[in-house]
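Since the structure comes first, as structure tokens, the remarks are kept for the end.
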Amino acid sequence: MRDRPASVEGIPTPALVIDAAAMERNIRRMADFFATGGCRLRPHVKAHKTPEIARRQLAAGSCTGLTCATVSEAEAVAGLCGDILIANEVVGPGKCERVAALARRAEVTIAVDSEAGLERRSDAARRAGVTVGALVDLNVGQTRCGVAPGDDALALARRVDAAPAVVLRGVMGYEGHVVSLPDRAEREGRTRLAMDGLVRTARLLTAGGLRCDVVSGGGTGTYDISGRIEGVTEIQAGSYVLMDSDYGRLGLPFEDAFWVLGTVVSRPDASRCVVDSGHKSTTKDHGLPLVKDLEGATVVALNDEHATITLPPASRVQVGDRVYLRPSHTDPTINLHDVFYVLDGERVIDVWPIAARGYPEHRIAASG
Ligand SMILES: Cc1ncc(COP(=O)(O)O)c(C=O)c1O
């Protein structure tokens, strides 16, 4: 086990670093927004997969609980909060059984969009002697999982309501197809359209005599649109806490709070340097990362272990210098790392394990 470095200088690269103060400001701004109005925040753990960050989000207030995308995330944060939503379909070996085990420690609710998924969940909960909550998952336009709003959703809700050991809690619909639209008016209009299907379906359930306490959706790009629509009860935003350059284009009131730290390993000519943070440490699915605090520097290529950066003619960058890259996509970048180095300026004040990164269920004891 290595000792914790005292400052940025001692951090082995590539590494993830957090500006603790900027992150706290993001957490505070979002909590303040949801302190008024009828809707609450349910921060999404998938963005950071880090229990210490989830703990701080909950401590800031305005939260109904936490959102997770996987059973492993829920297991990592179950000790922090009594109300966990897995905003995803849960199917696969052992997963419903793990959810049933979690339901002994916290109220757990899961998205459902099929009778087959519902049956597995119901059986596992019944065998474990627990009840598990369910939200009917609606396709509000992203065309990923989810049933159509309206009668299809109502029919599935009736099946959920009748299933043993499952409690119908409401509906969810994630407007992922519009959260990062750069034009505010277009984002707002299309979000309203998407949320209309969700809220209308919630009313249909209630009119049909079914329970629908939870109407869940929303993300970082739509938190202040969906979060002010009558009938939406909670917002599942995640990226706001650390931000990325994709969301950075939207002019949201959140600051960049994390970077991939790298070291210049080569300075092949006057116009170029090469840093050791390639795409094994920062993803490029939303575009190449940006360079922080280096005027005129641009990442032009990411290979496995190398980021190639072009530099302006007068650049004095040298081999051994530190370079901060601003990732274009928070969640999958963080998923590549084991820990966050937490910074106050140049000082390392803590190291937080990214406990739910990767696929923790495979961390089983190796034989031999
Ligand atoms: C189901 C669901 N809800 C909410 C979010 C919100 O995330 P973000 O804050 O990154 O927009 C996501 C992101 O992918 C998601 O998949």
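Can you tell me which residue in segment 8-52 is nearest to V348 (Cα to Cα), limited to those that are out of contact with any Phe, Trp or Tyr (no Cβ under 7 Å at 6 or more places or on another chain) and among the β-branched types (V, I, T)?
Looking at residues that are out of contact with any Phe, Trp or Tyr (no Cβ under 7 Å at 6 or more places or on another chain) and among the β-branched types (V, I, T), I get V8.
Taking only pairs six or more apart or across chains, which ones have beta-carbon atoms under 6 Å, a first residue in segment 31-56 that is within 23 Å of H329 (Cα to Cα) and away from the ligand (no atom under 14 Å from the Cβ), and a second residue that is in a loop (DSSP other than H, G, I, E, B) and of a type outside the set (S, T, N, Q)?
Every condition considered, the pairs that remain are A31/A60; A31/G61; T50/I354; P51/A355.
Any chance you could count how many residues in segment 97-127 are of a type in the set (G, A, S), crowded, with 18+ Cβ neighbours inside 10 Å and either assigned to a helix (DSSP H, G or I) or within 16 Å of the ligand (Cβ to nearest atom) (or both)?
Going through segment 97-127 one residue at a time, the tally reaches 6.
If a residue counts only when it is under 19 Å from the mean Cα position of the chain (by Cα), which strands (runs of 3 or more DSSP E) contained entirely in segment 294-368 have at least 1 such residues?
322-326, 339-344, 347-353
All but one of (1) assigned to a helix (DSSP H, G or I); (2) buried (at least 21 other Cβ atoms within 10 Å of the Cβ) hold for R56; state the number of the condition that does not hold.
(2)
Checking the structure you have, find out if any residue of segment 84-96 is crowded, with 19+ Cβ neighbours inside 10 Å, over 15 Å from the mean Cα position of the chain (by Cα) and part of a helix (DSSP H, G or I).
yes
Within segment 327-353, work out how many residues are more than 16 Å from the ligand (Cβ to nearest atom) and either closer than 30 Å to C96 by Cα or in contact (Cβ under 8 Å) with a residue 12 or more places away in the chain (or both).
17
Inspect segment 295-311 for any residue being at negative phi, surrounded by fewer than 18 Cβ atoms within 10 Å (Cβ to Cβ) and at pLDDT below 95 and give the result as yes or no.
yes
If I go through segment 161-179 residue by residue, how many of them are in contact with a helix residue (DSSP H, G or I) (Cβ under 6 Å, 6 or more places away or on another chain) and either of a type in the set (D, E, K, R) or not in a strand (DSSP E or B) (or both)?
5
So which residues in segment 239-256 are assigned to a loop (DSSP other than H, G, I, E, B) and surrounded by fewer than 23 Cβ atoms within 10 Å (Cβ to Cβ), if there are any at all?
Within segment 239-256, R249, L250, G251, L252, P253, E255, D256 qualify.
If you take the residues in segment 61-70 that are part of a loop (DSSP other than H, G, I, E, B) and within 16 Å of the ligand (Cβ to nearest atom), which one is surrounded by the most Cβ atoms within 10 Å (Cβ to Cβ)?
Checked segment 61-70; the qualifying residue surrounded by the most Cβ atoms within 10 Å (Cβ to Cβ) is G65.
Pick out the one residue from G221, G238, G262, G248 that is within 8 Å of the ligand (Cβ to nearest atom), more than 21 Å from T109 (Cβ to Cβ) and not basic (K, R).
Unique residue meeting the criteria: G221.
Tell me the residue from R169, R190 that is closer than 26 Å to G248 by Cβ, more than 13 Å from the ligand (Cβ to nearest atom) and surrounded by 18 or more Cβ atoms within 10 Å (Cβ to Cβ), please.
Just a single option satisfies the conditions, and that option is R190.
Looking only at segment 273-286, decide whether some residue is over 21 Å from R357 (Cβ atoms), in a loop (DSSP other than H, G, I, E, B), in contact (Cβ under 8 Å) with a residue 24 or more places away in the chain and not hydroxyl-bearing (S, T, Y).
Checked against the condition, which is being over 21 Å from R357 (Cβ atoms), in a loop (DSSP other than H, G, I, E, B), in contact (Cβ under 8 Å) with a residue 24 or more places away in the chain and not hydroxyl-bearing (S, T, Y), segment 273-286 yields no hits at all.
Here is a list: R28, R4. Which entry is more than 21 Å from I86 (Cα to Cα), of a type in the set (D, E, K, R) and outside any helix (DSSP H, G or I)?
Only one candidate qualifies: R4.
Which of the residues that make up segment 1-25 are of a type outside the set (A, V, I, L, M, F, W, C) and either free of Cβ contacts under 8 Å to residues at least 60 places away in the same chain or in contact with a helix residue (DSSP H, G or I) (Cβ under 9 Å, 6 or more places away or on another chain) (or both)?
Those that are of a type outside the set (A, V, I, L, M, F, W, C) and either free of Cβ contacts under 8 Å to residues at least 60 places away in the same chain or in contact with a helix residue (DSSP H, G or I) (Cβ under 9 Å, 6 or more places away or on another chain) (or both): R2, D3, R4, P12, E24.
The values are calculated or read from the model by the stated rules, or taken from the named source; none is laboratory data. Every value quoted in this text rests on a predicted model; they were computed, and no experiment measured them. Because the Cβ atoms are built from the backbone with ideal geometry, glycine has one as well, and the counts that use them run over all protein chains shown.
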